[in-house]
Amino acid sequence: MKGAFAVDSAFIELDRVEKVFDVHRKTGFMRRELRRVRAVDSISFTVARGEMVGYIGPNGAGKSTTIKMLTGILTPSGGRLRVAGIDPSRERTRLAHRIGVVFGQRTTLWWDLPLLDSYRLMHRMYRIPDARYRENLDRLVELLELGDLLDVPVRQLSLGQRMRGDIVAALLHDPEVLYLDEPTIGLDVVSKGKVREFLRELNAEHGTTVLLTTHDLQDIEQLCSRVMVIDHGRLMYDGPLTGLHEVGDSERILVVDLERELPPIEAPAPARVVKVDGPRQWLAFPAAASAAPLVARIAAEYPLVDLSVREPDIEAVIAKMLHSLGDTTDPPSERATA
Amino acid sequence: MAETGRVAGRDWAVEKDLGARSSRVVDGLRAYRMITAMWIRSTMAYRASFLMTTFGNFVATALDFVAVLLMFSRVDELGGYTLPQIAFLYGLSSTAFGLADLAVGSMEKLGRRVRDGTLDTLMVRPAPVLAQMAADQFGLRRLGRVTQGVLVLGYALATVDIDWTWAKVLLMPVMLVSGAAIFCAVFVAGASFQFVAQDAAEVQNAFTYGGTTLLQYPPTLFATELVRGVTFVLPLAFVNWVPATYVLGMPLPLGLPGWAAFLPPLVAAACCALAGLAWRAGLRSYRSTGS
């Protein structure tokens, strides 16, 4: 029991955790080749109670494998792993009471039944005390604006509504950690906003520790003070998002619409025009720098009609970062898929 | 505010830890009951479709017995067994299999859940995976098969000639329960194999659906090697052949002694234990290799 409370600063703790898969590959008729793939290669990090961390990396980098070990689905091949003082793979069901999991593309809700029926099952399966269940349900349903939808069969919900429904289902039992795997994938802008706002509030008000994987850089920018980048099973970066931009020299794009077609804008270095199409011009500038001076300068010297800033694509940021860290890129076939 | 929430969270965490300490069997049965109830409600969302598939299930299995009836319009006995005697074997096999199919039949879908990754959603819940998987897609429509089995067994009991003793009367329910348990074990063992070979559902069908069809006919029709196989290797013979021949007063298969007719509960217990071990091994391999 003591262990469960002595770990606030290292609520999630990984010490040289490894996951090695034996992969059989067909190399011909009845011939198979055995290869060892290190999906997770000696990863160590700790997450304090109440932190909100983004866990990102290319497909097949080992993100899901890590999440699966943290939830007790997979057994690590080596190293030490603790969540709330519990060894996930040894005490999977005990841990289940303490964590919430949302798989972005796999709903846990009952397709043909009203949303409320799924929640009643959670109520009983997790043995949530009645008063607490009602309190949590009321609060979550209000925050995620699902009040009118509780009696609607899940199959009739939109993707965004279903995602919010899944988040409620994962939080009814007051988990201390919430894992989210691509929580905003496929959602429209409004739904994304709602989900992000809710997660921010959950983390701030309730102190719930949140670990999320995503392909959407805005998820990270708006939610996470800390980012971990994993590639080839190794932890490549652990720190604030701004630092990630610095390491990666990534660039944002300023799109300006001028009154008429003009020669490329003479922008102050390091900003530069990368494309011109009629009156519209694209300027690249460092992602870590503010856009304001650049915009002011252009507005002062050119007939500006409209402008917008495009954030760098998360894959591009990571790719640049990995490149600048001197990563030796293996061919994609060498990557573990799990 | 956040601080009090945290403290309350801790008390609740202690409660949760205490709550999580109940026995796995109790937890499993509890989860099974809750999930099957959800599937029944789910099915009832399409009531007409439910009634039609149940009826269809009944008709399909009923036609199967009609084939036996047609055969007996041309012959008087088959392998030394009369029509009521065969109906007795048939009804026992069909009812025992039907009960097992109703209880855990959806386990054959395990391979699909491993392939599409949805097994993971079951593994983050505080209940044994075996119970959740057994209850998955629970289909009351399978009552159609049980109904057919019970009707055929009823017909057999009304027409067959048996010298009833107390031992034989007692053996009837024991036989059905043990038989259902043996088939359940085959379902679970087959599902465990799908952890390793995800497209092995067809292999499993050969033993489950194939097994029940085999048992519907008298053992005297089959080659000795086959009968030996289903007695000593995969002991399906203890579902009905061994105990039922004793009840009917026919010679036991393979010249087994009369007391062998009372072995089904022991055989069923052994099968379930082995299936449980196979399941644990399968799940462990999934957890170490992933999908």
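Data overview
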read-out	value
Qualifying GluC sites (Glu not before Pro) in region A:120-154, DSSP loop, other Cβ atoms within 10 Å at most 14	A:145
Solvent-accessible area lost in complex, 10 Å² minimum, residues of region B:120-150 relative to chain alone, 1.4 Å	B:120, B:121, B:123, B:124, B:125, B:126, B:127, B:129
Label-point gap, in nm, between residue B:226 and residue B:262 - each point 7 angstrom along Cα→Cβ	3.2 nm
Computed [θ] at 222 nm, deg cm²/dmol, chain B (DSSP H ≥ 4; -39,500 (n - 2.57); rounded to nearest 500)	-23500 deg cm²/dmol
Pairwise burial B:A, computed as accessible area of each alone minus the pair, summed, 1.4 Å, Å²	4200 Å²
DSSP loop chymotrypsin sites (Phe, Trp or Tyr not before Pro) with at most 13 other Cβ within 10 Å excluded, longest remaining stretch of chain B	B:165-291
Hz values of 3J(HN,Hα) by residue in region B:60-74 - Karplus curve (6.51, -1.76, 1.60), Gly and Pro given as x	4, 6, 5, 4, 4, 6, 4, 4, 5, 4, 4, 4, 6, 6, 9
Virtual spin-label span in nm between residue A:282 and residue A:323, 7 Å along Cα→Cβ	1.5 nm
Sum of side-chain charges, residue B:114 neighbourhood, beta-carbon under 15 Å (Lys, Arg +1; Asp, Glu -1)	+3
Span from the region B:65-116 Cα centroid across to the region A:232-295 one, whole angstrom	71 Å
Filtered chymotrypsin sites (Phe, Trp or Tyr not before Pro), region A:67-125: DSSP coil and at most 16 other beta carbons within 10 Å	A:111
C-alpha center-to-center spacing [region A:183-221, region B:227-276] in angstrom	59 Å
Candidates A:183, A:129, A:76: whichever shows maximal mean-square fluctuation once chain A is modelled as a Gaussian network with Cα springs under 10 Å	A:129
Value in Å of the Kirkwood radius, where region B:156-291 supplies the Cα pairs that are averaged	16.0 Å
Karplus-derived 3J(HN,Hα), 6.51/-1.76/1.60, for each residue of region A:199-215, Hz, glycine and proline x	4, 4, 5, 4, 5, 6, 7, 9, x, 6, 6, 10, 10, 10, 9, 7, 10
Stretch in chain B that is longest and holds no trypsin sites (Lys or Arg not before Pro) that DSSP places in a loop and that have at most 11 other beta carbons within 10 Å	B:75-291
Rough spin-label spacing in nm, given labels placed 7 Å along Cα→Cβ, for residue A:142 and residue A:238	3.9 nm
1.4 Å probe accessible area per residue over the protein assembly as shown, in Å²	45 Å²
Cα convex hull of the protein assembly as shown - mean projected area over all directions, nm²	37.0 nm²
Shielded by partner chains, region B:28-61 residues - at least 40 Å² of accessible area, 1.4 Å probe, vs chain alone	B:30, B:34, B:38, B:41, B:42, B:46
Phi-based couplings in Hz for region A:154-159 (Karplus 6.51, -1.76, 1.60; Gly and Pro marked x)	4, 4, 8, 7, 6, 4
Calculated FRET efficiency for the pair residue A:127/residue A:9, C-beta based, R₀ 25 Å, to 0.05	0.25
Extension gain from residue A:304 to residue A:29, taking 0.36 nm per residue of separation minus the Cα-Cα distance	92.4 nm
FRET efficiency estimate (nearest 0.05) - Cβ-Cβ, residue B:45 to residue B:161, R0 60 angstrom	0.80
Cβ-based net charge around residue B:54, under 12 Å, with every Lys or Arg adding one and every Asp or Glu removing one	+4
Calculated [θ] (222 nm, deg cm²/dmol) that DSSP helices of n ≥ 4 give over chain A, each run adding -39,500 (n - 2.57)	-9500 deg cm²/dmol
Estimated FRET transfer efficiency (residue A:22, residue A:295; beta-carbon r; R0 60 Å; 0.05)	0.65
Nearest 10 degrees, 0 to 90: helix B:166-196 Cα axis against chain B principal axis	50 degrees
Lysine pair count for the protein assembly as shown [Cα-Cα under 22 Å; pairs on different chains or 8 or more apart]	8
Heavy-atom accessible area ranking, 1.4 Å probe, most first, across B:254, A:262	B:254, A:262
Protein accessible area in the protein assembly as shown, 1.4 Å probe - carbon and sulfur %	57 percent
Solvent-accessible ranking of A:230, A:253, largest area first, probe 1.4 Å	A:253, A:230
Potential extension, residue B:274-residue B:254 segment - 0.36 nm per residue separation minus Cα distance	4.7 nm
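The values are calculated or read from the model by the stated rules, or taken from the named source; none is laboratory data. In this text, all values refer to a predicted model and were calculated from it rather than measured experimentally. Here Cβ is always computed from backbone atoms with ideal geometry, including for glycine, and neighbour counts include all displayed protein chains. When the accessible area is computed, the model is the full protein with side chains, heavy atoms only, and any ligands, DNA or RNA have been set aside. Shrake-Rupley method; radii C 1.70, N 1.55, O 1.52, S 1.80 Å.
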